[in-house]
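Bear in mind that the values in this text are calculations on the coordinates, not laboratory data. It should be emphasised that the depicted structure is a prediction, and the values quoted were computed from it without experimental measurement. Here Cβ is always computed from backbone atoms with ideal geometry, including for glycine, and neighbour counts include all displayed protein chains.
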Amino acid sequence: MPEKGLFLQNVIAVVWDFDKTLSPHYMQKPLFDAYGIDEDAFWKEVNALPEYYKRAGITVQRDTCYLGHLLSYVKCGRLAGLSNARLREVGERLEFYCGIPELFERLRALLQDPRYAESDLRLEHYVVSTGLAEMIRGSRIAPYLAGIYASEFIEEPAGPDTDLSGVPKQGPISQIAGFLDNTTKTRALFEINKGVNKVDSISVNDTIPEDERRVPFKNMIYIADGPSDIPSFSVVQKHGGKTCAVYDPGSKTSFAQALSLQENGRVGFIGEADYSEGHATFMWLSRQITRMADRMVSERKNTFQSKVGKGPTHLPDEG
């Protein structure tokens, strides 16, 4: 059991979905563009895979079966030589909504206020995505992220007689190392919550009292675009955090989807995926961060005062 005071609990975490939240496109778009692959045709094939494999009695996961299909494209030569290094390189071409990445610096500056700096309050950003971790690592936002939870590939798998004390061989990707789907995204939230990403000796299944975790959910903000993020929205809201569904500016369908989430109590706020200074989503984020920071400072002062025994004072002369 972790000792009392294991974490300072001085972190506000903003957790982002990626596709249609930070970027107006699916992140695989620049990859397909680089190799001359028809994006629509690829996703049409992916959408047909569950029914195709079902005929052989095989159940595939709809959120992540595209990963195996990418490997099929590598194997047949349409994505010839695709390596993790190449994915990072292509990640440099990822496009973002207005205000990104400038938003990260502007939000960080909020906690430079002396009221918060004295308490060493910190802001951390995370991406939790069903997309490709290496592409995010190669993108313009990577320097601003405290952690990336997404799908990854192995290049050269270890065989039965491989010297496991050595370094894995490099080459084209050939095996799925790990993945996130829209349900297991919640596991990532609990890892951030418990500090698994910061302390190697802690696992997500370890029992840590909620009031002793590194980032209490009440100090967490989750931002995503659609119904597939309902499990994550629910976890954060249930435990006192803040949630926002963003929609593509100018898209009636995207707006209706976000509005439906708000009307059904799934999220606390909806706003355009435009993070420019002065726009509603920017102002909402700034407001939530400063409100959390004010509460954290107040809680610290109250805790400090409750633990300080007042010394004796001179009594007034009753004569």
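Tabulated data for the structure shown
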| quantity | calculated |
| --- | --- |
| Efficiency of FRET from Cβ geometry, Val167 and Asp200, R₀ 25 Å, rounded to 0.05 | 0.80 |
| Among Leu261, Gly159, Gln112 the positive-end extreme of the charge dipole of the chain (Cβ point charges) | Leu261 |
| Relative exposure of Arg266, Arg55, judged by other C-beta atoms within 10 Å (fewest first) | Arg55, Arg266 |
| Nearest-20 debye value, the chain charge dipole, Cβ charges on Lys, Arg, Asp, Glu | 440 debye |
| Neighbour cut-off at most 13 other Cβ (10 Å), DSSP loop, trypsin sites (Lys or Arg not before Pro), the range 134-233 | Lys169 |
| The range 6-132: mean projected area of Cα convex hull, nm² | 11.3 nm² |
| Value of D in µm² per second that Stokes-Einstein yields for the range 137-192, Kirkwood Rh from Cα pairs, at 37 °C (0.692 mPa s) | 237 µm²/s |
| Estimated 222 nm signal from helices in the chain, with DSSP H stretches of n ≥ 4 weighted -39500 (n - 2.57), rounded to 500 | -11000 deg cm²/dmol |
| His239-Gln175 pseudo-label distance in nm [points 7 Å out on the Cα-to-Cβ vector] | 3.2 nm |
| Pair Ala256, Ala280: separation of 7 Å Cα→Cβ label points (nm) | 1.8 nm |
| Separation of the Ala80 and Glu102 label points, Cα + 7 Å toward Cβ, nm | 4.3 nm |
| Estimated FRET transfer efficiency when R0 is 22 angstrom, pair Phe190-Arg287 (beta carbons, to 0.05) | 0.25 |
| Pairwise FRET efficiency - Lys218 versus Ala48, Cβ, R0 = 41 Å, nearest 0.05 | 0.45 |
| Highest-MSF residue in the chain out of Phe42, Phe269, Phe18 [GNM, Cα springs under 10 Å] | Phe42 |
| For the range 115-218, convex hull volume per residue from C-alpha positions, Å³ | 171 Å³ |
| Full-stretch length increase - Ala146, Glu39 - with 0.36 nm per residue and alpha-carbon distance subtracted | 35.5 nm |
| The chain - percent relative contact order, Cα under 8 Å, separation 6 or more | 22 percent |
| Selected from Thr184, Tyr35, Asn302, residue furthest toward positive end of dipole (the chain; charges at beta carbon) | Asn302 |
